[in-house]
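The values are calculated or read from the model by the stated rules, or taken from the named source; none is laboratory data. It should be emphasised that the depicted structure is a prediction, and the values quoted were computed from it without experimental measurement. Positions of Cβ are backbone-derived with ideal geometry, glycine not excepted, and every protein chain shown enters the neighbour counts.
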C-alpha cells in the first residue's frame, strides 16, 4: 500500500475543489491521506491521514443507518434504491418521479432521510452526533459550524430541492428545519483514521468494532453496502464499481470511504475533484489498491 500511495501522490494534481462551498475552496489542494483498518483492527495510515476534513455526503450513509434503524423498511416508501443517472442535485428527476428521490445518497434522498430523523428524534442534531460518537467510541467528533454556515449561505439549489419535495408531499416538517439539520450533518469533520474506524461497522455486519454496539442489523448492513456499491458516487457509481469493485461513498470535501465486507474499511482524502465531484487521486488510489492486491469483492 505504501508504494501505491507514493505512486499516486506523485501524479500531477488534477481537478478542482468544491468552489461553490466557500470554506472548501480554501483547502490545500496537495493534501492526500489514506487510512486502512481490518475488522481484526490491524491498520496503516499514510500521508495526511490525521488531518481533519469535511466528510460532506459520506455522512449520508450514517443518517441513513440511523433512520433505517428507527423506521425499518418503511423508509423505502419515501426513497428509492436505484442509481440516479443524473446529477446529485437534479430537480428534473424529482418531478418525473413524483417526489420520490431515486436513492438516499443524492441530495433530495438525503433530505428525505433528514426529514425522517427530524420526525423521529426529539433533538435530531444532538442525537445524530451522539450516534456517530458512540459507534466510533470517539467523543470528540463534531460538526463544523463554519462549514455548515458556509453551505447555508450559498445552498440555493438545496433550498429549492427541499421546498420542491415539500410541494410534492415528501417532506413532513418545515423545509427550514430539515435544511438546518441537513447542512449540519454534512459538515462533520473527521480524519481519515477517524472515518475508517467509524465506518468499519459496515465491514463487520453492522456491529461497531470499537465497542461491539450493533448499529444496524446484518440485513440492513448488507442493503446499505449494496446501495453504496450502486449509488455511492452519484453518476460515476458504475465507473467506481468497474474500476475499484467495492461499496463506497464519496463527499465533495474530497473524502472517500470504501468497504470490503468481513475484511476491511479504507478511507482516502484528496480535495481535488474530478468532473463528477469525486476525489481524483482518491479514485486512482483505490483502483490501484484493489487491482494490485486483488482485494475487491469481484
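Observations, loosely collected:
- Within region 77-95, the residues that satisfy the criterion of being outside any loop (DSSP other than H, G, I, E, B) and either crowded, with 19+ Cβ neighbours inside 10 Å or out of contact with any helix residue (DSSP H, G or I) (no Cβ under 9 Å at 6 or more places or on another chain) (or both) are 77, 92, 94.
- Odd one out for residue 32, checked against (1) on the phi > 0 side of the Ramachandran plot; (2) in contact with a strand residue (DSSP E or B) (Cβ under 8 Å, 6 or more places away or on another chain): (1)
- Residue check, residue 71 closer than 22 Å to residue 186 by Cα, part of a helix (DSSP H, G or I) and either at pLDDT below 95 or touching a helix residue (DSSP H, G or I) at 6+ places or on another chain (Cβ under 7 Å) (or both): yes
Here's the yes/no breakdown for (1) assigned to a helix (DSSP H, G or I); (2) in contact with a helix residue (DSSP H, G or I) (Cβ under 6 Å, 6 or more places away or on another chain):
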residue	(1), (2)
4	yes, yes
7	yes, no
13	no, no
18	no, yes
31	no, no
35	no, yes
40	no, no
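- Qualifying residue in region 96-109 (condition: without any contact (Cβ under 8 Å) to a residue 40 or more places away in the chain, surrounded by fewer than 18 Cβ atoms within 10 Å (Cβ to Cβ) and more than 21 Å from residue 232 (Cβ to Cβ)): yes
- Residue list for region 254-277, filter: under 24 Å from residue 19 (Cα atoms), under 14 Å from the mean Cα position of the chain (by Cα) and modelled with pLDDT of 95 or more: 254, 255, 256, 257, 267, 268, 269
- Residue count, region 284-298 (criterion: closer than 15 Å to residue 5 by Cβ, touching a helix residue (DSSP H, G or I) at 6+ places or on another chain (Cβ under 7 Å) and without any contact (Cβ under 8 Å) to a residue 60 or more places away in the chain): 1
- Residue satisfying all of: in region 263-297; out of contact with any strand residue (DSSP E or B) (no Cβ under 8 Å at 6 or more places or on another chain) and not in a loop (DSSP other than H, G, I, E, B); surrounded by the fewest Cβ atoms within 10 Å (Cβ to Cβ) among these: 293
- Scanning region 51-68 for any residue that is surrounded by fewer than 21 Cβ atoms within 10 Å (Cβ to Cβ), more than 17 Å from the chain's Cα centre (by Cα), in contact (Cβ under 8 Å) with a residue 24 or more places away in the chain and not in a helix (DSSP H, G or I) turns up at least one such residue.
- Figure legend. Inter-residue proximity from region 171-183: first residues on the phi > 0 side of the Ramachandran plot and without any contact (Cβ under 8 Å) to a residue 12 or more places away in the chain, second residues surrounded by fewer than 15 Cβ atoms within 10 Å (Cβ to Cβ) and part of a helix (DSSP H, G or I), beta-carbon distance below 9 Å, spacing 6+ or different chains. No pairs are indicated.
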